[in-house]
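Okay, structure first, notes after.
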């Protein structure tokens, strides 16, 4: 369920800020939810993967794959839908790593007796 909060936070931040705001969403959610590292990565990855995947798929459907086909040509991919998958994977990795970073910072500060 934490991945839903990451996806919503990422969506709301992307309305006002550039693409890298998904890293802020993952980092902030990592600070709030202390969990095992693998679950932090998984929640961040899944949340942003679904967010960016659905946004890229929506764009793919709206413009009938024209933009995705051009991007697939640049990346030497066989079909435009693969560019949607690559976009979702890149976003997922960024979201997962940023949530792990926030999670580990929270764990470190709790050990040291600091308050975040």
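Which residue out of 4, 8 is out of contact with any helix residue (DSSP H, G or I) (no Cβ under 8 Å at 6 or more places or on another chain) and in a helix (DSSP H, G or I)?
8
For region 21-58, which positions are in a loop (DSSP other than H, G, I, E, B) and either in contact with a strand residue (DSSP E or B) (Cβ under 7 Å, 6 or more places away or on another chain) or without any contact (Cβ under 8 Å) to a residue 40 or more places away in the chain (or both)?
36
Taking only region 65-104 into account, find how many residues are in a loop (DSSP other than H, G, I, E, B) and surrounded by 14 or more Cβ atoms within 10 Å (Cβ to Cβ).
Filtering region 65-104 down to residues in a loop (DSSP other than H, G, I, E, B) leaves 65, 75-80.
Restricting the remaining residues to those that are surrounded by 14 or more Cβ atoms within 10 Å (Cβ to Cβ) gives 65, 77, 80.
Within region 65-104, residues that are in a loop (DSSP other than H, G, I, E, B) and surrounded by 14 or more Cβ atoms within 10 Å (Cβ to Cβ) number 3.
So, in region 6-20, how many residues would count as being more than 13 Å from residue 96 (Cα to Cα) and either surrounded by 16 or more Cβ atoms within 10 Å (Cβ to Cβ) or touching a strand residue (DSSP E or B) at 6+ places or on another chain (Cβ under 8 Å) (or both)?
Summing the residues that are more than 13 Å from residue 96 (Cα to Cα) and either surrounded by 16 or more Cβ atoms within 10 Å (Cβ to Cβ) or touching a strand residue (DSSP E or B) at 6+ places or on another chain (Cβ under 8 Å) (or both) in region 6-20 gives 4.
Out of the residues in region 105-116 that are part of a helix (DSSP H, G or I) and out of contact with any helix residue (DSSP H, G or I) (no Cβ under 7 Å at 6 or more places or on another chain), which is nearest to residue 46 (Cα to Cα)?
Selected residue: 107.
In this structure, does residue 61 turn out to be out of contact with any strand residue (DSSP E or B) (no Cβ under 7 Å at 6 or more places or on another chain) and either crowded, with 18+ Cβ neighbours inside 10 Å or under 16 Å from residue 99 (Cα atoms) (or both)?
Against the criterion (out of contact with any strand residue (DSSP E or B) (no Cβ under 7 Å at 6 or more places or on another chain) and either crowded, with 18+ Cβ neighbours inside 10 Å or under 16 Å from residue 99 (Cα atoms) (or both)), residue 61 does not qualify.
Where a number appears in this text, it was derived from the coordinates with a stated rule and is not lab data. Keep in mind that what you see is a predicted model, and the values were worked out from it rather than measured. Every residue, glycine as well, gets a Cβ built from its backbone with ideal geometry; the counts of neighbours run over all protein chains shown.
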